[in-house]
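One structure is given here, and the rest of the page talks about it.
All of the numbers you see were taken from the coordinates with simple rules; none came from a lab. From a predicted model like this one, the values you see are computed outputs, not experimental measurements. Here the Cβ is made from the backbone with ideal geometry for all residues, glycine too, and neighbour counts use every protein chain on show.
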Amino acid sequence: MVPLSWYLILSAALFTIGAVGVIVKRNVIAIFLCIELMLNGANLALVALSGFFGDIGGQLFVFIVMTVAAAEAAVGLAIIISIFRTRESLNVDDADTMKL
Amino acid sequence: MEKAVFIIFAIVAVGSALNLIAQRNPLYSALSLIGTLASLSALYVTLHAQFIAAMQIIVYAGAIMVLFVFVIMLLNTPEDHPEIEKQQWLRYLAIPFAAVLIGEALYVFREIRNITLPAQGEAEHAIGTTWSIGTNLFTQYLLPFEATSVLILMAIIGAIVLARREES
């Protein structure tokens, strides 16, 4: 039996890699992919805890996170398309109008 | 045995995740994210979350990543995609990989007859089966389920409004 801590360490590692990616990447689609990676890191922790405590709630939460991720992908990619139309670029540094 | 499976898939997941942030081409990043998603799906099976594992492949690696790849190809900017040298030897790797895939499929088709299903009662009530997910989703967790449907409706409308071309 794999100990629970291994799953949680893997989950934290994936979440951290995703967070680092969000900070270092400049391409807006790559940032978006890193956000998906962070969601998956959280999902792994939820499924692992659900399995170890015998509670179905964690898996249902993962199910809902997946639908939220699908909705987020649809809206986020629509925003990316509309940014690309006005600025002809996918670099986040080109879309800094709201920065102080 | 279980530890070995965990270590293999954990290494694949972390390796693909690191490749995701190392790649400059967003298409390769998307492909490595699919690798991470697939290995996480395998880990879900080891945690007895079969339904979530199937959903991970169908919804995440299938639907959501296809949407990503579609948008990446739609918004193809030349400066973001430095010219990739074609690696000719890669095409010869396709033949062994296809052979492995076909062999795997044949093995599954041959072995599926020999599988004996567990007794009706105990299989239904195990955590992580479609039965237990469905029962809980439509009884105890009905309100989040309905809220999700409203969320998806909002996402559909939002995506249409945002991506629509402005009438001039």
Looking at B:ILE152, B:LEU93, A:CYS34, which one has the Cα that reaches farthest to the positive end of the dipole of the protein assembly as shown (charges on Cβ: Lys, Arg +1; Asp, Glu -1)? B:LEU93
Descending semi-axes in whole angstrom, ellipsoid equivalent of the stretch A:42-84, from the Cα gyration tensor: 31, 8, 4
Give the distance, in whole Å, between the Cα centre of the stretch B:3-76 and the Cα centre of the stretch B:128-151. 25 Å
Among B:ILE64, B:ALA4, B:SER132, flag the residue with its Cα farthest along the positive direction of the charge dipole of chain B, charges on Cβ as +1 for Lys/Arg and -1 for Asp/Glu. B:ALA4
Among B:SER32, B:VAL45, B:THR116, pick out the residue whose Cα is farthest towards the positive end of the charge dipole of chain B, where Lys and Arg carry +1 and Asp and Glu carry -1 on C-beta, about the Cα centre. B:THR116
Between B:VAL14 and B:VAL108, what FRET efficiency comes out of the Förster formula 1/(1 + (r/R0)^6) with R0 = 25 Å and r the beta carbon distance, rounded to 0.05? 0.35
Using a Gaussian network model of chain B with C-alpha springs under 10 Å, which one of B:MET154, B:MET73, B:MET65 is most mobile by mean-square fluctuation? B:MET154
How high is the FRET efficiency between B:PHE145 and B:LEU74 when r is their beta carbon distance and R₀ equals 25 Å, given to the nearest 0.05? 0.15
Before rounding to the nearest 500, sum -39500 (n - 2.57) across all DSSP H runs of length at least 4 in chain B and divide by the residue total; then give [θ] at 222 nm in deg cm²/dmol. -22500 deg cm²/dmol
If N is the residue count of the stretch B:1-77, its Cα Rg over 2.2 N^0.38 Å rounds to 1.19
For chain B, what is the Kirkwood estimate of the hydrodynamic radius, computed as the reciprocal of the mean inverse distance between distinct Cα atoms, to one decimal in Å? 20.1 Å
For chain A, what is the convex hull (Cα atoms) projected area averaged across all directions, in square nanometres? 7.5 nm²
Per 10 Å bin, what percent of the C-alpha pairs of the protein assembly as shown does each bin hold, from zero upward? 6, 24, 32, 24, 11, 2, 0
May I ask you to list the residues of the stretch A:57-76 whose amide nitrogen lies under 17 Å from a point 7 Å from Cα along the Cα→beta-carbon direction of B:PHE138? A:60
Just counting partner chain Cβ atoms within 10 Å, what average do the residues of peptide B:61-70 show around their Cβ? 3
Evaluate the charge dipole of the stretch B:86-168 about its Cα centre and quote only its size in Debye, nearest 20, assuming +1 on the Cβ of each Lys and Arg and -1 on the Cβ of each Asp and Glu. 520 debye
Please compute the modelled spin-label separation between B:LEU153 and B:LEU27, points set 7 Å along Cα→Cβ, answer in nm with one decimal. 3.9 nm
